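Written below as structure tokens is the structure these notes are about.
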Amino acid sequence: MQLVILERDSVSDDISQDRSTIEVLFRRFIGMNGPNIKSSVSVADSDSLSEYKDGLAGVKMANERKVGSPPRTVFQTFSGKATVDWLLDCCTTVDRSETMKIASLFVEHDLMWCVQTDRSYSAQYPQQKFQPTKASIYQMTQKGKDVVNMSNGQRVSNGDTESPSARVGVSRDSNTQKLDKILTDAALRLLFREQLRDTHCEENLSFYIDVEEFLKSCTAALKGISAASRAKDNEKNIDKSLDAIKETMASAYGIYNAFLAPGSPCELNIDHTLRSQLAARMTKAVGRNDAMVESLKEVVKLFEEAQLSVFKLMASVSLQVPFCA
């Protein structure tokens, strides 16, 4: 199952909602190989989700459907229920409220529109932009069709912020600059992740992002314990700061066991010497209090080296293969 890995805010965990990301997701929603047209309306509106087993087929559509009174024929339509089913089954959404939010953004960005409303739902929820029922019928707008057919070169990115400052040990060539841009643009990250999946190295990006979050939490934890120590806080506050250090250390072991330990499920291809140093550090006793803080600092240094190694690998190898929407 090739789930669409949704980009999320590192603090709130909310799904990225910028226009570019929503447009990329809408193209996946319509289908990797074009609209998923069914043989009849009944099949298109069925509750069977078996054809979403690989995550590549788009939402189920009826080629022709009669709607309204007097009846008129509309083409390539799909129900509101099929919409939320696809978003729940083929993306990393966690509940139906997230699928409702994404579907509402599809409507808000004029990518699809309701050709037949569910009157009972409208009466009950008059403020809802999207209706997740079988009776509500949707269709791509012209803008939605344009987005689906848009080439990667035409995509307008919202990630035009300045790239991160130059990394120590990384030459500022075109590929590293491109990768910096990708890593700061949610829509481009989504596309890049899918290219990495096709080349069987998605774990590189996952590791890079996980370490980025780990380093942020680690910085906060180390600042907290340093401030508590300088201020000679009471024992309760110092214990609280040490708990944050313990939690950060635990997340380091989680990353190590997932990506760096021998035989780990997503084992990375990194330098043997660095791998040995990581293994030696992660299998050594952590200690308590000040010793634990020093252990965490050692882990941070090694993780930064591993992250830099993975960054160079993605820039030098993965960006040689052009990726597209």
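The values are calculated or read from the model by the stated rules, or taken from the named source; none is laboratory data. These figures come from a predicted structure and were not determined experimentally. With ideal geometry, Cβ positions are generated from the backbone for all residues, glycine too; neighbour counts draw on all protein chains shown.
To keep it simple, each residue is scored yes or no on (1) in a helix (DSSP H, G or I); (2) modelled with pLDDT under 95.
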| position | (1), (2) |
| --- | --- |
| L88 | yes, yes |
| L105 | yes, no |
| W113 | no, no |
| P132 | no, no |
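The lone criterion from (1) crowded, with 17+ Cβ neighbours inside 10 Å; (2) among the hydrophobic types (A, V, I, L, M, F, W, C); (3) free of Cβ contacts under 8 Å to residues at least 40 places away in the same chain left unmet by C91 is number (3). Of T73, T93, T99, all but one fail to be of a type in the set (S, T, N, Q) and in contact with a strand residue (DSSP E or B) (Cβ under 7 Å, 6 or more places away or on another chain); the exception is T73. Tell me whether segment 20-43 contains one or more residues that are modelled with pLDDT of 90 or more, acidic (D, E) and more than 20 Å from L191 (Cβ to Cβ). Within segment 20-43, none of the residues are modelled with pLDDT of 90 or more, acidic (D, E) and more than 20 Å from L191 (Cβ to Cβ).
Find the residue count for segment 10-55, including only residues that are part of a loop (DSSP other than H, G, I, E, B) and within 17 Å of V107 (Cβ to Cβ).
Qualifying residue count for the region: 2.
Only one entry in A252, A280, A315, A306 is among the hydrophobic types (A, V, I, L, M, F, W, C) and free of Cβ contacts under 8 Å to residues at least 24 places away in the same chain, namely A280. Here V4 clears all of (1) of a type in the set (V, I, T); (2) more than 20 Å from P132 (Cβ to Cβ); (3) touching a strand residue (DSSP E or B) at 6+ places or on another chain (Cβ under 7 Å) except the condition numbered (2).
Give, as residue ranges, the helices (runs of 4 or more DSSP H) completely inside segment 182-297 that count at least 2 residues that are within 21 Å of R8 (Cβ to Cβ) and in contact with an Asp or Glu (Cβ under 7 Å, 6 or more places away or on another chain). Break it down into steps so the answer makes sense when it comes.
On the way: elements: 186-198, 202-230, 235-255, 272-282.
Once the helices (runs of 4 or more DSSP H) in segment 182-297 are filtered for at least 2 residues that are within 21 Å of R8 (Cβ to Cβ) and in contact with an Asp or Glu (Cβ under 7 Å, 6 or more places away or on another chain), what remains is 186-198.
Total residues in segment 158-209 satisfying the condition of being on the phi > 0 side of the Ramachandran plot and either surrounded by 20 or more Cβ atoms within 10 Å (Cβ to Cβ) or at pLDDT 85 or above (or both): the figure is 1.
If you check K312, K301 for being within 16 Å of A252 (Cα to Cα) and at pLDDT 90 or above, only one passes: K301. Against the list (1) at pLDDT 90 or above; (2) under 29 Å from C91 (Cβ atoms), the condition T219 fails is (2).
Taking segment 53-83 as the range and being surrounded by fewer than 22 Cβ atoms within 10 Å (Cβ to Cβ), among the hydrophobic types (A, V, I, L, M, F, W, C) and under 30 Å from the mean Cα position of the chain (by Cα) as the test, the residues that pass are L56, A57.
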